[in-house]
1. Which distance in Å, rounded to a whole number, links the C-alpha centroids of the stretch 1-39 and the stretch 363-421?
2. What's the ranking of 366-375, 500-509, 246-255, 533-542 by average number of surrounding C-beta atoms within 10 Å, highest first?
3. For a quick check of your reading of the filter: which chymotrypsin sites (Phe, Trp or Tyr not before Pro) in the stretch 277-323 sit in a DSSP loop and have no more than 12 other Cβ atoms within 10 Å?
4. Of the beta bridges DSSP finds with both residues in the stretch 387-562, what % are antiparallel, to the nearest 5?
5. List the relative contact order of the stretch 472-522 as a percent without decimals, with contacts defined as Cα pairs under 8 Å and 6+ residues apart.
6. Does the chain classify as rounded, prolate or oblate by the C-alpha gyration tensor (a ≥ b ≥ c root eigenvalues; a/c under 1.5 gives rounded; else a/b over b/c gives prolate, otherwise oblate)?
7. Quick check: Cα centre of the stretch 149-169 to Cα centre of the stretch 174-244, how many Å?
8. Sort 4-10, 213-219 for me by packing, meaning the mean count of neighbouring Cβ atoms within 10 Å per residue, highest on top.
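A short reminder: the numbers here are calculations on the coordinates, not readings from a lab. Just so we're clear, the structure is a prediction, and the values are computed from it rather than from any experiment. So basically every Cβ, Gly included, is an ideal-geometry build from the backbone, and we count neighbours across all protein chains shown.
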Amino acid sequence: MSRDVNTALARALVDEWARAGLTDAAVAPGSRSTPLALALAADGRVRVHVFLDERSAAFFALGAAKATERPAAVLCTSGTAAAHLHGAVLEAHHARVPLLVCTADRPPELRATGAPQTTDQVRLYGPAVRFFADLSPEDHPAAIAAWRPLAARAFWEAAGPPAGPVHLNLAFREPLIPDGSEVPEVPGRPQGRPWTAGGRGRMAPDEVDLDELAAAVAGAGSGLVVAGWGADCGFDTVARFAGAAGWPILADPLSGLRQPGPCTVSTYEALLRAPGFAGAHRPELVIRLGAPLTSRTAGAWLDATVPQVLLDPDAAWLDPGRSAARRLAADPALVLDGLAERLGPTSGDGCSGSPEHPGPGWLDAWREAESSARRALDGFVDAADEPFEGRVARDVHDGLPEGATLVVASSMPVRDLEAFARPRAGLRVLANRGVNGIDGFTSTVLGVAAGGAPVAGLMGDLAFLHDAPGLTFAARGGLDAVLVVVDNDGGGIFSFLPQATAPAVSPEDFESLFGTPHGLDLAVVARSYGLPAERVERAGEVIPTVEKALAAGGVRIVVVGTGDRAGNVERHRAAWAAVAEAVGGV
């Protein structure tokens, strides 16, 4: 009688991953994936979240992995189901998110034969994965002995460095359901230890590199710390370096470094739109952490004529403008600590420069501009109670409780957050900025919520509608999250782009091809999925409504109507003009 190697393999994989620290798996229903689905369901160490749609399942796992910074798993059946995971795989690859991607498949003898629900899944995701294995369970001692080492390798390849997706293509033969046959033993390490333990080391910088860079910082009359998503550095470390150098910190909220401090400049997006200010404040040297800022204005300003040093622990090339003059593949915290040591202690208020490199005029100019610009921005957005997208982003960022997580969608929400959010501590900000898509956003928020902390998602109306299958899970998943939906009846970002005013694009074509109005009442849409929803009509009601929704628990929708898209553009321009007037940069 043949033995049940399907069950043996599936149990070995799940046990090995649980030993390594797997806590969450998203599963889409299917027949060919039955052995691994049953093994996941039977293991009490792993929370199993079942989705009807594979794409939503994958983005949920992505969100869970973002929140925990350790691998989460997604499982689907064969055929087009595997293709639906591809968007999340690409995001995990580019954003360096650890993801265990498990696709079931027909065994080799049924491939390329016209067997149903079968396509070529071997290396389906190409170079986007850190590791790939095509595994068909065989009842052979050597094959069985390889299962646990392979499971451990898959987990730690996903964990990195660099973190990212791995793909296991599991070709299960029938019978797919346990039939009473003997299940081979696949023993693991004693005391529940993983087969191979892993960990993320810290890549230390070379001392010569530190000496050279410290000399460059000390010799620069003006400099900046610029931090985007993936900055991978604590605020105290960055502030200590900035204090020693006498440099401002320009930090996207996605970096985790837009926190209160004497060097923090939060209004750079508006300041750099003021030609006088931008022209007078070009730095001599920039140290960049993580990806470039979201702001196109800042990206164009920091062109290749500005010497820039890119710090990245994984030796990634996050440099779309090809502007970096130097790249150090080292832990940014170790680099900045080493530089701060070499520059000497801070003086004064902790951000006035070291005695050897004071630079007060440069820093004071930025701080004065920050103060003026912040007053102008906040005064503008607070002047009216008609909801404004910049104010919605600022207020949600300000209003979430200590220890909460804000997940912000691509398109306008992430840009409004960068442009209007004030510095604050105690809030984690996440986004899918690897490939900047809006797909799977609700499911990403729910994956983050699986970690248990208060979670809010800030999104546009199209992102909300784009992941409608995620709403199905939201209604029954037993999670707590508030989805704040900015509703301008279409793709608001296109109204800021050349398509909106180009003579070659008629108003009718612009509206149908780019504006894409949906004409739906999004609160009604939410309720049709069984989710409580409330529509907010006044700006001052946003935070009280979000607070009430967080306190009530479950997944709740807050829809904020912001009027027509063209009017939104005009209000943004008026906000920028107010800042330009405040700093005298016209």
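1. 45
2. On the way: 366-375: 18.9, 500-509: 10.6, 246-255: 28.0, 533-542: 16.8.
My ranking of the peptides, most packed first, is 246-255, 366-375, 533-542, 500-509.
3. Here the chymotrypsin sites (Phe, Trp or Tyr not before Pro) that fit, given the DSSP loop and packing criteria, are Trp317.
4. Values: 0 of 25 bridges.
Once the DSSP bridges in the stretch 387-562 are tallied, antiparallel ones form about 0 percent.
5. Working: 24 pairs, mean separation 21.4, N = 51.
Reported as a whole number, the value is 42 percent.
6. Working: a/c = 2.21, a/b = 1.43, b/c = 1.54.
In terms of gyration-tensor shape, oblate.
7. Going from one Cα centre to the other spans 14 Å.
8. Numbers: 4-10: 24.7, 213-219: 17.6.
Those peptides, ordered most packed to least, come out 4-10, 213-219.
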